[in-house]
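Please treat every number below as a calculation from the coordinates, not as lab data. Since the model is a prediction, treat every value here as computed from it, not as a measurement.
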Amino acid sequence: MAYDGNVKVGGAPAVRELAGLTLTKISVGPMDNNAYLLRCRETGEQVLIDAANDAGTLIDLLGGAPLARVITTHRHGDHWQALAEVVHRTGAATAAHVDDAPGIRVPTTEPLHDGDEVRVGSCVLTVTHLVGHTPGSVALCYDEPGGRPHLFTGDSLFPGGVGNTHGSKKDFTRLIDDVEHKLFDRLPDETWVYPGHGADTTLGAERPHLPQWRARGW
């Protein structure tokens, strides 16, 4: 079945074969969080993005193979409820941006900064720091050889807008500035976006709406 990125809590994961990586997307409750398992097709190394909830379901995705690390996109609790158990059961390293790490109740063993690279076997994810939804939110980009960029945005970018800034004009301005200049200005329209909740999108689908998002202020 072709990958469309549509998953639901309790449903089957969606699997996408990329050049270099196998990507598995799954939704876990109770807040319909997306978690993404990346497996290097050359080495078999696996990395999980957001151990959001339901550790048993996330562990089952591993297929009995080791987990190298868990990357947490930001400090909000719905994105790391299963982190402690997943780390306990797998021995995986933990990675998060240095500004959000203190707000995650599992120690961060690999602090991240803007521009860092995180390896998934022979593949590389590039870290982009996005301020506004939280102080230390990150997006992670895999530039598929011979293909398109694949961008994991946590809660900073969704179909239809940037992440919630809880009514703070200052935080909204910082977030939309970062999203526009660090993501839209640097990456092409075909970039596939994998958010922390809900359906996927592309930068090309969202780009025409940036002025509208700025005007409405959320």
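Structure values in brief
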item	result
Under-5 Å amide H pairs with residue 94, H placed in peptide plane, nonlocal only	70, 109, 110
Highest-MSF residue in the chain out of 130, 61, 83 [GNM, Cα springs under 10 Å]	61
For the range 181-218 and the range 35-62, distance of Cα centres in Å	25 Å
Under 27 Å from the Cα of residue 170 - lysines, other chains or at least 8 residues apart	182
In degrees, nearest ten, helix 169-178 long axis to first principal axis of the chain (Cα)	70 degrees
Sequence-distant residues sharing a close amide H with residue 134 (under 5 Å, placed H)	none
Candidate lysines - alpha carbon under 16 Å from residue 8, same-chain residues fewer than 8 apart omitted	25
